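Here's the structure, in structure tokens; my notes come after.
The values are calculated or read from the model by the stated rules, or taken from the named source; none is laboratory data. Note that this is a predicted model, so its numbers are computed, not measured. Cβ coordinates were reconstructed from backbone atoms using ideal geometry, including for glycine residues, and neighbour counts include every protein chain displayed.
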Amino acid sequence: MTDDASPEIDTESDAPSTDDLDDVIESDAAERLAMRFGFDDEQTQLFMLLTGAASLFAQDGDPALGDDATERSQALALFTQALNDPPIALAAWDAWSEEGLTGDVLQPFVDEIMGSLEGGQPGVSWLLSRQAALRLDNDESTRLLESVRDSGHAAVLIDLAALQADGSNPIEARDLLEAAGVNTEIDLDAAYDPITSEQGLGVELAEEIAPFAALRPQRIAGRNDTCPCGSGKKYKHCHLGKELHSLNDRAAWLYLKMMRFMQLTNPYLPDAVVAEMTSSLETPDLANMLESSYIPTDIALHEGDVASRFLMAKSAVLPADEVELTERWIEAPRSVFRVKKSTHAELELIELRSRDRVTIVGTVPEQPLEVGTLICGRPLPVGQTHRSYGGFLPVDETMIDGVLEACASRNLATVAISLSQIFDAAEMADALLAEDPLQVP
């Protein structure tokens, strides 16, 4: 074919316009949202309007809401409508969290919506409550939720249930979840891992409280006896029906409460820990293993100061013995330990810096460790024994001094970088083994 015979392309008529491309992208996004959240067309449009406007407002401020008073009024009414729909409100919060918009960045947009309201709206009050929770103002967060409790807004009821769970009141939490439409019939024999669960706050909270709601603690006095709490009242008029499970049983629950708090206030901090610890790895296997473990979570809670912020926010809600236990956990150091004894029932360790002996029960490795093995972790005291919810990493003799120094710093980046050498060494060993099995003992 000669050049003269070549067809001419009219770029103005044949090429898709920018508006056409935007329509296609928006249509695809809407379809993905509908599939992910089960939204209908109206919910999808309201969600995209709400989240898109918040993003624009964070960048451009006031113009994002419209060019005149009429447009602004209509937009603000639609935002309120969207927030009053619980699935949209919860999905929007997750989207803003992913963008880093919650907290101070989002507050001017929330204030703009509040300024347009003539009466209390449950979705807006819920959003204000979430914002207050990020400021660690638990009293204000609770007040806002209680002010719209009777609305039946599912997100409001779920967050109220979370507050009851914080106070170790599983029955009250379960009742609120049921009122919110959450299925609380949980199979206690089924495995549940909050690290990998993606079922949403309501279902995950139902999983969290299920063992405690199902198995009630025993009475601690007769109905007509004086209550052991010291109030002077009869037991039936004081703590009957309000008994707490033993602290030994509630310890793991307390750790889950901290994780749930982090999921609200800083959900991507464990991911940042993983990224720091695996930045020099060339293969994804070790990074995937670390991501599915509790090690990044424990580093975020301890060196990332999430546990300290949790205590600041929740000290008035937690039972007194859990406040005390949280304080002990905040002080519990990460360190290097040598295995003294390892069985299926317990793990006895010697802390290398202090030479203290630590006995771990309930959270021991599935396969006993060899005596003399060096490991790094953070045992948490519970009564006279310890738990290890964050797990352990193996340490080479040559790493001891550096890891001990890093752990003593209690600095997140320092600890993450120091522990990354464990994964670097493991990857190198794997590479050598792949090349020549005889090179690695």
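Yes or no, residue by residue, for (1) without any contact (Cβ under 8 Å) to a residue 40 or more places away in the chain; (2) surrounded by 16 or more Cβ atoms within 10 Å (Cβ to Cβ); (3) over 22 Å from the mean Cα position of the chain (by Cα); (4) over 24 Å from ARG149 (Cα atoms):
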{"site": "THR51", "(1), (2), (3), (4)": "no, yes, no, yes"}
{"site": "ALA54", "(1), (2), (3), (4)": "no, yes, yes, yes"}
{"site": "LEU65", "(1), (2), (3), (4)": "no, yes, yes, yes"}
{"site": "ALA69", "(1), (2), (3), (4)": "yes, no, yes, yes"}
{"site": "ASP85", "(1), (2), (3), (4)": "no, yes, yes, no"}
{"site": "LEU90", "(1), (2), (3), (4)": "no, yes, no, no"}
{"site": "TRP93", "(1), (2), (3), (4)": "yes, yes, no, no"}
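Given the condition over 21 Å from VAL156 (Cα atoms), touching a Leu at 6+ places or on another chain (Cβ under 7 Å) and either of a type in the set (S, T, N, Q) or modelled with pLDDT of 95 or more (or both), answer yes or no: does some residue in region 126-134 qualify? No, there is no match, as no residue in region 126-134 is over 21 Å from VAL156 (Cα atoms), touching a Leu at 6+ places or on another chain (Cβ under 7 Å) and either of a type in the set (S, T, N, Q) or modelled with pLDDT of 95 or more (or both). The listed residues are THR398, THR343, THR363, and the only one of them that is among the β-branched types (Val, Ile, Thr), out of contact with any Lys or Arg (no Cβ under 7 Å at 6 or more places or on another chain) and in contact (Cβ under 8 Å) with a residue 12 or more places away in the chain turns out to be THR343.
Once region 364-387 is narrowed to residues that are of a type in the set (S, T, N, Q) and farther than 22 Å from VAL323 by Cβ, the residue that is surrounded by the most Cβ atoms within 10 Å (Cβ to Cβ) is THR373.
The condition (being in the same structural domain as ALA300 (by TED's automatic domain parsing) and crowded, with 19+ Cβ neighbours inside 10 Å) is satisfied by just one residue among ALA408, ALA416: ALA416. Annotation note: of ILE330, ILE299, ILE350, the sole residue that is at pLDDT 95 or above and more than 30 Å from ARG135 (Cα to Cα) is ILE350. Per the listing THR385, THR363, the residue uniquely modelled with pLDDT under 95 and not small (Gly, Ala, Ser) is THR363.
Pick from region 315-340 the residues that are of a type in the set (S, T, N, Q) and under 23 Å from GLN164 (Cα atoms): which of them is surrounded by the most Cβ atoms within 10 Å (Cβ to Cβ)? By that ranking, first place goes to THR326. Among the residues of region 170-179, those that are touching a residue at least 40 places away in the same chain (Cβ under 8 Å) and not β-branched (Val, Ile, Thr) comprise PRO170, ALA173. Residues in region 275-292 that are surrounded by fewer than 24 Cβ atoms within 10 Å (Cβ to Cβ) and within 18 Å of ILE417 (Cβ to Cβ): how many? Residues meeting the conditions: 11. Within the bounds of region 404-417, is there any residue that is of a type in the set (S, T, N, Q) and at pLDDT below 95? No, because not a single residue in region 404-417 is of a type in the set (S, T, N, Q) and at pLDDT below 95. You will find that of LEU157, LEU128, LEU145, the residue that is assigned by TED's automatic domain parsing to the domain that holds GLY100, without any contact (Cβ under 8 Å) to a residue 60 or more places away in the chain, in contact with a helix residue (DSSP H, G or I) (Cβ under 9 Å, 6 or more places away or on another chain) and farther than 21 Å from GLN107 by Cβ is LEU157 and no other. In this structure, is LYS236 of a type in the set (Lys, Arg) and either at pLDDT below 95 or over 22 Å from the mean Cα position of the chain (by Cα) (or both)? Yes; evaluated as a whole, the condition is true for this residue.
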